[in-house]
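The structure appears right after this line, and notes come after that.
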Amino acid sequence: MPWLELRLDTNAEQTELLEDALLNIGAQAVTYTDAGDQPILEPGVGEMPLWPEVIMVGLFDAATDTEVTTKMLEEALGGTPSHRWNILEERVWEMEWLKYHEPVKFGNRFWVFHEEVKDDDLPTLLLDPGLAFGTGSHPTTALCLDWIAKQPWGDNRLIDYGCGSGILAIAAALLGCKNVLCTDIDPQALMATRDNGRRNGLSDQNLALFLAGQEPESMAPANTLVANILAGPLMELAETLAGKVTLGGNICLSGILAEQGDDIVKAYQPWFANFDLTQSGDWLRVTAQRI
């Protein structure tokens, strides 16, 4: 069934009032998008910031009388902001992301894509991110995958802290890492990791899954830890993550803006040495060795 969407140009100060008005006149859902290309890359803990200029979208049933609904909105607000109605054709929304997903090769070791790549004999990491972050196309994920592709895994033990879609953990497992633990604060991320693991022939025994903070106390440190989250949490977690890495082991951190590199190094220097910073666009990967 098609839907109708009402798009309103507004600002951060008016969003609460407009959202209430849209829901009161029959909107089934309300979403916000950035109207001015001003990304919010790392909000503070507990913050829900909005862009200064906002496009608010109300989703309505296709049978909605647009003239009557617009008049109701005008009466509720005492005027109508700049707006436009669009017909939103029915689509299989959970598959829309596939239109923008291209196969990516990492280090002549493997491909990442949603179906088998037949260009060469390299294996394909099959991925459906579900509701979790991580398709391999974002620079932070690609930086980590490039590093993972160069590691001699063998009997190494890996912790993927903030696993998201599970892409980093699964890549290591497919390259021979025998002992992989995945943790995330979001249960849906763990579900996505489990499903993507099974899609790649990995059993539940190959990928151990835990909510962050609920790992068993007896869990031994790993000789490799990857964490692709954000600089703020990475700095807050420095001592915690250090405690999860064996002496001489390696850590790989990403989700870090270029200007945050020095702060990350400073936060981890008490426990790590041999730092290496690799940049892609605005983003950094920081690797180091546990001392």
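Could you tell me whether any residue of region 270-286 is at pLDDT 95 or above and not in a strand (DSSP E or B)? Checked region 270-286: at least one residue is at pLDDT 95 or above and not in a strand (DSSP E or B).
With respect to (1) of a type in the set (D, E, K, R); (2) without any contact (Cβ under 8 Å) to a residue 40 or more places away in the chain; (3) under 19 Å from residue 150 (Cα atoms), the lone exception for residue 290 is condition (2). The criterion of being modelled with pLDDT under 95 and under 22 Å from the mean Cα position of the chain (by Cα) does not hold for residue 261.
Of all positions in region 27-34, at least one carries a residue that is among the acidic types (Asp, Glu), at pLDDT below 80, part of a strand (DSSP E or B) and closer than 30 Å to residue 196 by Cβ. If you check residue 85 against the conditions, is it aromatic (Phe, Trp, Tyr) and at pLDDT below 70? So residue 85 does not fit the description; no. Do we find that residue 256 is in the same structural domain as residue 139 (by TED's automatic domain parsing), within 12 Å of residue 140 (Cα to Cα) and part of a strand (DSSP E or B) in this structure? In short, yes. The single residue among 237, 225 that is under 16 Å from residue 166 (Cβ atoms) and either surrounded by 20 or more Cβ atoms within 10 Å (Cβ to Cβ) or in the same structural domain as residue 187 (by TED's automatic domain parsing) (or both) turns out to be 225.
May I ask you to verify whether residue 17 is at negative phi, at pLDDT below 85 and hydrophobic (A, V, I, L, M, F, W, C)? When the stated conditions are applied, residue 17 does not pass them.
The values are calculated or read from the model by the stated rules, or taken from the named source; none is laboratory data. Only a predicted model underlies this, so the values are computations on that prediction, with no experimental measurement involved. Note that each Cβ is placed from the backbone with ideal geometry, even for glycine, and that neighbours are counted across all protein chains shown.
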